[in-house]
Amino acid sequence: MSRAALDASTTDTLISIVGWSVVFASLGIIGVAVSADESDTPRQFLARPAGNPDVHESNPSRVVCVGDSLTRGNLSADWVGALRDHLGEGLNTPTTVLNAGVNMQCAQNILRRLDEVIACRPSHVTVLVGTNDLKAELSPIEAFMYKTFGSVTQAPTVENYAVDLIEIRDRLLATGARVALVSPPVLGEDRNSQANQRCAEYAEVVRRTANSGGERCTYLPLFEKTAAALPAGSGKPYCGLQFFSWLCLLCLDIHVRGRCLKDVQRERDLGVTVDLVHLGPAAAEQLVEMVADFVTTASPALPMTSGFPRSVTM
């Protein structure tokens, strides 16, 4: 075999290795992204025995956290788990905290699965959604991914997001629960980027929706908190390819190597996120503090008058 042929063969082999590595990494991250982790979820809660008083009796401290992967916490810092620990230490009454986060979901997905959340008869609900809507709006490729793997039927836009969020708010408030709408955190770590300018518009939609929801609806400014934590200069802007690469490696770091997220952030020179999207430990701690304050200082939820509210036909 000639030297040129040998070099060509070596190059083809390397390309094949890299190509298949990308394929397997992609399948791996999609597998984690769409996996159904049922621990401490509404579905698991509702499947408890019929005589279990936690399910069928009124509980003044039943918190359901609704959202996407930022809430699910298996691709980032688990703020819902930290909230459960925090409330368990700080409240005298038993507190049930359920994680209703599902990876790769947009506002329209959450609207379709609210019945399960309502069936848990929560006293408090947090809603953190919009990051995937924003990502799908900014990138046709990501929009295709959400349609293919996330069952998104309507093209996400900030206008559609606003309509869906109002309906989510109204259906939850109709149960008598207190509702906290959380603005999506920064997308990338460049505060002046197009992505974060658009993210600010999504945050404004959340703020307006919460403020018009009455005294039992609260706004939690996660976008503002995370934006304030970004460097004054130029941080890393959101890039879909960079995010996907880091997310694939993050799955290995979290689920195989068991690495500390602070170390991952430090290696990537990030301060708020772990991969330009998902929350790092400090941002998650800020969110825990806001939600804990919402739960412990807000007035008790109103009692449900007659069963569960009528579902909205989609």
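The values are calculated or read from the model by the stated rules, or taken from the named source; none is laboratory data. Note that the coordinates shown come from a computational prediction; the quantities given were computed from them, not determined experimentally. Heads up, the Cβs are rebuilt from the backbone with ideal geometry, glycines too, and the neighbour counts pull from every protein chain shown.
When Arg48, Arg113, Arg43, Arg62 are checked against the criterion of being modelled with pLDDT of 95 or more and basic (Lys, Arg), Arg113 stands alone in meeting it.
Right, Asp269: charged (D, E, K, R) and on the phi > 0 side of the Ramachandran plot or not? Before you say what the answer is, go through the steps one by one.
Details: charged (D, E, K, R): yes; on the phi > 0 side of the Ramachandran plot: yes.
Judged against the criteria, Asp269 is a match.
Counting only residues that are surrounded by fewer than 13 Cβ atoms within 10 Å (Cβ to Cβ) and at pLDDT 90 or above, segment 246-261 holds 1 of them. Within segment 172-193, residues that are more than 30 Å from Ser234 (Cα to Cα) reach partners that are modelled with pLDDT of 95 or more and of a type in the set (D, E, K, R) with beta carbons closer than 7 Å, at six or more positions or on different chains, in the pairs Leu173/Arg216; Arg178/Arg216; Val179/Arg169; Val179/Arg216. For segment 125-139, check the following and say yes or no: at least one residue is touching a Pro at 6+ places or on another chain (Cβ under 6 Å), crowded, with 20+ Cβ neighbours inside 10 Å and of a type in the set (Ser, Thr, Tyr). Yes.
Pick from Glu267, Glu285, Glu289: which is free of Cβ contacts under 8 Å to residues at least 40 places away in the same chain and either hydroxyl-bearing (Ser, Thr, Tyr) or under 18 Å from Asp78 (Cα atoms) (or both)?
Just a single option satisfies the conditions, and that option is Glu289.
The C-beta contact set for segment 79-107 (first residue among the hydroxyl-bearing types (Ser, Thr, Tyr) and surrounded by fewer than 24 Cβ atoms within 10 Å (Cβ to Cβ), second residue assigned to a helix (DSSP H, G or I) and at pLDDT below 90, distance under 9 angstrom, 6+ apart or interchain) comprises Thr95/Gly88; Thr96/Asp54. Within segment 167-206, which residues are touching a strand residue (DSSP E or B) at 6+ places or on another chain (Cβ under 7 Å) and over 15 Å from Asn132 (Cα atoms)? Once the filter is applied, which keeps residues that are touching a strand residue (DSSP E or B) at 6+ places or on another chain (Cβ under 7 Å) and over 15 Å from Asn132 (Cα atoms), segment 167-206 yields Ile168, Arg169, Leu172, Leu173, Ala177, Arg178, Val179, Ala180, Leu181, Glu189, Asp190, Ser193. Each residue in segment 237-264 was checked for being free of Cβ contacts under 8 Å to residues at least 24 places away in the same chain and among the β-branched types (Val, Ile, Thr), and 2 of them qualify.
Quick check on my filter: what residues within segment 171-187 are of a type outside the set (A, V, I, L, M) and in a helix (DSSP H, G or I)? Quick ask: steps written out before the conclusion?
As a first pass, look at segment 171-187 and keep what is of a type outside the set (A, V, I, L, M): 171, 175-176, 178, 183-185.
Matches in segment 171-187: Arg171 only.
Summed over segment 214-235, residues that are more than 20 Å from the chain's Cα centre (by Cα) and surrounded by 20 or more Cβ atoms within 10 Å (Cβ to Cβ) total 1.
So, of the residues in segment 208-235 that are of a type outside the set (S, T, N, Q) and part of a helix (DSSP H, G or I), which turns out to be nearest to Ser123 (Cα to Cα)? Explain how you work it out, then say what you get.
Step one: of segment 208-235, the residues of a type outside the set (S, T, N, Q) are 208, 210, 213-217, 219-225, 227-233, 235.
Still in the list and also part of a helix (DSSP H, G or I): 208, 210, 222-225, 227-228.
Details: Arg208: 23, Ala210: 17, Leu222: 22, Phe223: 25, Glu224: 26, Lys225: 26, Ala227: 30, Ala228: 31 Å.
This residue is Ala210.
Filtering segment 266-291 to residues that are crowded, with 23+ Cβ neighbours inside 10 Å, polar (S, T, N, Q) and part of a helix (DSSP H, G or I) leaves nothing. Among the helices (runs of 4 or more DSSP H) confined to segment 85-170, the ones with at least 1 residues that are among the basic types (Lys, Arg) and farther than 24 Å from Leu247 by Cα are located at 107-112.
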